[in-house]
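What follows is a short report on a single structure.
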Amino acid sequence: MMAYLKRKMRNILGLRGDRRASAAEFAIVFPVFAMMMAGTMQYGVLFYTWNMALNGARSAARALAVGDVDVAGAEAMMRAALPPWVQAGANAGSDAGDRNCGGGNGDDDDTGGYGPGGCGAGNGNGAGNGNHGGDDGGAGGSGGDGILAQATDAAVGSEVAARLRFSSSLATVMPLAPMPANVDVVVRMVKEG
């Protein structure tokens, strides 16, 4: 009877040792695996968002090139094409800087002013657009929500452009890996008659 109990105890203790080793291996491997999966999902969401931005800019440029919409309509098309998490993230932080449409002073931080595109659109002389000073060239821009949706119309036979730019932090949930600073998409097409 005693030999039977000793054998049973050895089996139980041996099994318990295997379980401890399995738990230790799991504790070492699982965090690494979880970080790799989270990083993969993060980049997947970023690429999906970039693709949606590209498709929105392409559709807006095409509609502008064939004359279906004006500049404001093309900008609205680009914004509407963005996924909901980008739009919600942009609206959450819209009170930063001098984005109150109270005019603009033309410096690099200028995000105010009434221009051809409306509130926050810039003044068309390169002295500030809706988001970044010095590159608006007379087209409309964005408001102060961190999304630059900019369309440029032209005469028949010339080039129309649609640009959509926003921070990549709006496109990701958890910043686990190095990311590009901005998602920036530009589509150019020739205006048709």
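Brief remarks follow.
- Highest mean packing comes first when the peptides 166-174, 80-88, 57-65 are listed by Cβ atoms within 10 Å, giving 57-65, 166-174, 80-88.
- Length released on extending from E159 to M1, taking residue separation times 0.36 nm less the Cα-Cα span: 47.4 nm
- Taking amide H positions as modeled 1.01 Å from N, with prolines and chain starts lacking one, the residues under 5 Å from K191 and 5 or more places away or on another chain are G157, S158, E159, V160.
- Each label was represented as a point 7 Å from its Cα along the Cα-to-Cβ direction; for M35 and S22 these points are 2.6 nm apart.
- For Y43, the accessible surface of its heavy atoms amounts to roughly 70 Å² (probe 1.4 Å, protein chains only, rounded to the nearest 10).
- Förster radius 25 Å - calculated FRET efficiency between D184 and Y43, Cβ distance, rounded to 0.05: 0.90
- Neighbourhood charge, 11 Å Cβ-Cβ cut-off, centred on A53 and excluding it, Lys, Arg +1 and Asp, Glu -1: +3
- The gain in end-to-end length when the M174 to V66 segment is fully stretched comes to 34.9 nm, 0.36 nm per residue minus the alpha carbon separation.
The values are calculated or read from the model by the stated rules, or taken from the named source; none is laboratory data. As the structure is a computational prediction, the values presented were derived from the model and not from experiment. Heads up, the Cβs are rebuilt from the backbone with ideal geometry, glycines too, and the neighbour counts pull from every protein chain shown. Just the protein is used for accessible areas: all its heavy atoms, side chains included, with ligands, DNA and RNA removed. Shrake-Rupley method; radii C 1.70, N 1.55, O 1.52, S 1.80 Å.
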